[in-house]
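Data first, discussion second: the structure below is written as structure tokens.
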Amino acid sequence: MTAAGFAAADIALMIPADHPTKGNVVVRLRGRGKGRPILYIGHLDVVEARREDWTYDPFVLTEKDGWLYGRGTIDMKGQDAAMLASLIRLKQEGFKPDRDIIVAFTADEEAGGDASGIDWLLKTHRDIIDADLVINPDGGEAGIKHGAKIYVGVQTSEKIFVTYRLEATDKGGHSSRPTPANPIYRLARALTAIDAHPFAVRLTDTVKAYFRRRAALESGQVKADMLEAGGPSPSPAAIARLSSQVETNILMRTTCVATQIDGGQGESALPERARATIQCRVIPGEATADIQAALVRAIGDPAVKLTVFTPATPNPESPPSARVIGAVEAVSKQMWPEVIVVPTMSPGASDSAFTRAAGMASYGIDGMFDDLDDGRAHGRDERIGVAAFPEELEFTYRLMKALAGGG
């Protein structure tokens with residue numbers, strides 16, 4: 001960054017003493033001081049990927065048939081590169097923003113990490129990243145449907161995730177002497193009960209606004225159902241139809257799903273233990289204690305224990321900002337006139353949970369278009385269109401400049 005013209009004092013490598021391999025880099029572009037800074041955040045880590053599961057090596061960027069394949073292409077190496085390139089471009093152009101622009105590249109966002117960079121920075125170096133406004137591309141979404149770009153989202157909220165451990169135990173024994181207390185069968189019945197348990201519909205203000213705007217892209221029954229969902233009293237029939245589609249169902253209710261399972265200790269031994277991991281994505285405003293109680297009731301077996309494995313992090317909704325939405329609309333119309341801008345609630349979680357909990361208004365915004373029917377973040381053969389990356393570079397640059405003001 002010094003080669004790009006940044007002063008050494010404006011570049012900070014911040015490393016927790018107890019996690020020396022999980023550093024964070026914070027870069028600041030100095031402004032005119034006419035307002036508090038704007039903070040961009042992006043995580044550097046990715047989820048695990050196994051070579052045998054992928055068509056191509058997940059950790060070698062591969063271009064094939066108009067696609068870029070590799071772990072992190074959509075979550076979120078591409079966005080990190082766009083933020084870095086935009087900051088350098090602004091610096092080299094001599095741009096002087098009205099307010100400082102801070103970009104924090106952080107460690108350990110993905111599930112399983114033990115040294116969340118943004119959480120650590122907020123707790124130990126708040127002054128380095130304190131800001132009036134936070135933009136997190138990881139929480140954003142730009143959607144493609146049937147090959148056409150349809151919307152850019154402004155994420156004001158996200159579901160709260162909490163992970164539970166489900167466990168059944170028994171004394172075990174020889175496999176020739178089976179008993180009704182087999183932990184694997186008990187666990188299987190519990191998982192089936194969770195799968196069949198319907199959580200109640202809860203439509204937040206952001207989701208209602210999303211449906212009202214998104215309806216403009218639809219026709220017929222789908223449009224009518226979305227307009228109903230965005231109104232005061234949607235009919236059960238409209239809710240049922242929207243619930244039949246994954247994309248809309250996950251916006252309307254809490255979901256809980258089994259993500260890991262293990263059990264038994266040998267092929268000729270009755271299992272002594274069977275365990276499963278259940279991850280819930282909770283609608284903002286619902287209490288996680290109520291979700292846990294509902295799961296216990298659904299399981300209906302006191303011999304199967306449900307305990308919190310990863311507790312929830314408070315994640316309040318950021319108020320919709322006319323200034324932020326207006327800037328996104330202006331940049332989007334410049335680049336993609338046919339695209340609308342919609343407020344969104346993300347079904348997944350991001351580092352915005354930490355900045356929102358710290359009292360910083362945070363918005364997920366991204367211009368890297370992804371197929372809503374073939375999302376591959378965290379999945380096999382993660383990819384992004386070759387043409388999507390230069391568009392992301394330009395979108396990030398224009399939006400960063402617009403939100404910071406100046407010239």
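The values are calculated or read from the model by the stated rules, or taken from the named source; none is laboratory data. Given the structure is predicted, the values throughout are model-derived calculations rather than measurements. FYI the Cβ positions are ideal-geometry reconstructions off the backbone, even for glycines, and counts take in every protein chain you see. SASA here: full protein model, heavy atoms, side chains in, ligands and nucleic acids out. Shrake-Rupley method; radii C 1.70, N 1.55, O 1.52, S 1.80 Å.
What to note about this one:
- Selection status of residue 130, open to solvent by 10 Å² or more (accessible area, probe 1.4 Å) and within 13 Å of residue 38 (Cα to Cα): yes
- Any chance residue 49 is of a type in the set (A, V, I, L, M, F, W, C), open to solvent by less than 70 Å² (accessible area, probe 1.4 Å) and without any contact (Cβ under 8 Å) to a residue 40 or more places away in the chain: no
- Under the condition of being touching a strand residue (DSSP E or B) at 6+ places or on another chain (Cβ under 9 Å) and assigned to a strand (DSSP E or B), the residues counted in the range 103-155 number 18.
- Taken across the range 75-89, residues that are at pLDDT 95 or above, in contact with a Ser or Thr (Cβ under 8 Å, 6 or more places away or on another chain), open to solvent by less than 20 Å² (accessible area, probe 1.4 Å) and outside any helix (DSSP H, G or I) do not occur at all.
- Residues in the range 356-403 that are hydroxyl-bearing (Ser, Thr, Tyr) and either part of a helix (DSSP H, G or I) or open to solvent by 10 Å² or more (accessible area, probe 1.4 Å) (or both): 396, 397.
- Test for residue 176: is it among the hydroxyl-bearing types (Ser, Thr, Tyr) and assigned to a loop (DSSP other than H, G, I, E, B): yes
- Looking only at the range 249-283, and only at residues there that are among the hydrophobic types (A, V, I, L, M, F, W, C) and under 17 Å from the mean Cα position of the chain (by Cα), the one that is most open to solvent (accessible area, probe 1.4 Å): 257
- All positions within the range 212-255 that are part of a helix (DSSP H, G or I) and touching a residue at least 40 places away in the same chain (Cβ under 8 Å): 213, 214, 216, 217, 243, 247, 250, 251, 252
- Residue among 35, 70 that is in contact with a helix residue (DSSP H, G or I) (Cβ under 8 Å, 6 or more places away or on another chain) and open to solvent by less than 90 Å² (accessible area, probe 1.4 Å): 70
- Candidate set from the range 284-309 (those that are more than 17 Å from residue 194 (Cβ to Cβ) and in contact (Cβ under 8 Å) with a residue 24 or more places away in the chain); member that is least open to solvent (accessible area, probe 1.4 Å): 284
- The range 150-185, subset open to solvent by 60 Å² or more (accessible area, probe 1.4 Å) and among the basic types (Lys, Arg), residue farthest from the chain's Cα centre (by Cα): 177
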